[in-house]
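Have a look at the structure below before the remarks.
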């Protein structure tokens, strides 16, 4: 992006705001109203002053800030209507000017086209605009269900679970900010779905999975308060499932985020609860992960004997479980032992794509522990990789 492009983009963004008579504070309130309607909680919970500073940076030729993907979506919905609230999507419209500004800021053409398509779909949805990111026929079935709760059935739940799984599968290849946007409508639907005893367990599985992933995305985007809220809801939702394995799985993920965010005693409490649930559950792999986390927490606290005992239990459960694609297995357990140094290069690549916090913290810790071997070639190669992938840009 050259300076003339930046200057053009800033003029367009400032003109869009000023021609509606908005101050930065006015536009911040307008964006938060759109976020409320679309269920983008990470923005609704943002302090207005912080959002105003972001708007100022977007319009500043001296800054190098580009609106993030969630804000691109909100801006597109905001400017897809005139100041009087009428839809306006064609040439010469505010939406057209916004997309032109984003293009000058270096946003790819495919992304701006996706934004235009999403907004066009939302105009046809009328109410329940937060459902715009769901694909048909799931969107149509969900709209019918929310209008008439008697239509809730296992097919609707399965389709929503599939939508959550689609987002989950993209972890590691898609930025977490975009995953948040894709997940937001499903999370909101889960919150609105009616309680019904015949479908209680199915709803519990759906909600726990959706809320768990929402917590993970919030954690990875540095919103720890929102992450804890979603993880707490995920634990509560998992309580509707008879097999305590589900709740154990949720708690192990929750504990992982606590270990790498607050690092306080709450993580140990959650881990203890996860181990207790896993012991009464049916899945050895979930039990192994709970014991592995128990070992990590003990090691971080300097309780080496407890850490070794928990690792032995984790290995016992891994060996009892056998192998399963995508499950917690021997390779992942070795990562908790910190013996898989060669995997650090893969972790660096993952961080470069997703910005994952846990992987970044583990690499920093592992790199510090490699200090005695800093003259070795394998450490120098790792340092070069870290610099090239994470620091050079």
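The values are calculated or read from the model by the stated rules, or taken from the named source; none is laboratory data. As the structure is a computational prediction, the values presented were derived from the model and not from experiment. Virtual Cβ from ideal backbone geometry, glycine too; neighbours counted across all protein chains shown.
Data table
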quantity: Identity of the residue in region 28-57, touching a residue at least 40 places away in the same chain (Cβ under 8 Å) and crowded, with 17+ Cβ neighbours inside 10 Å, that ends up farthest from residue 122 (Cα to Cα); calculated: 42
quantity: Residues of region 193-206 that turn out to be in a helix (DSSP H, G or I) and modelled with pLDDT under 90, as a count; calculated: 1
quantity: Leading residue by the ranking (surrounded by the most Cβ atoms within 10 Å (Cβ to Cβ)) among those in region 70-102 that are in contact (Cβ under 8 Å) with a residue 60 or more places away in the chain and under 25 Å from the mean Cα position of the chain (by Cα); calculated: 73
quantity: Candidates 173, 162, filtered to the one that is surrounded by fewer than 22 Cβ atoms within 10 Å (Cβ to Cβ), under 25 Å from residue 72 (Cα atoms) and outside the structural domain of residue 111 (by TED's automatic domain parsing); calculated: 173
quantity: Residues located in region 215-225, provided they are free of Cβ contacts under 8 Å to residues at least 60 places away in the same chain and surrounded by 24 or more Cβ atoms within 10 Å (Cβ to Cβ); calculated: 215, 216, 217
quantity: Segments classed as helices (runs of 4 or more DSSP H), wholly inside region 207-305, with at least 3 members that are over 15 Å from the mean Cα position of the chain (by Cα) and not assigned by TED's automatic domain parsing to the domain that holds residue 162; calculated: 245-259, 265-279, 284-300
quantity: Answer residue from region 71-94, given it is modelled with pLDDT under 90 and outside any loop (DSSP other than H, G, I, E, B) and is farthest from residue 229 (Cα to Cα) among those; calculated: 87
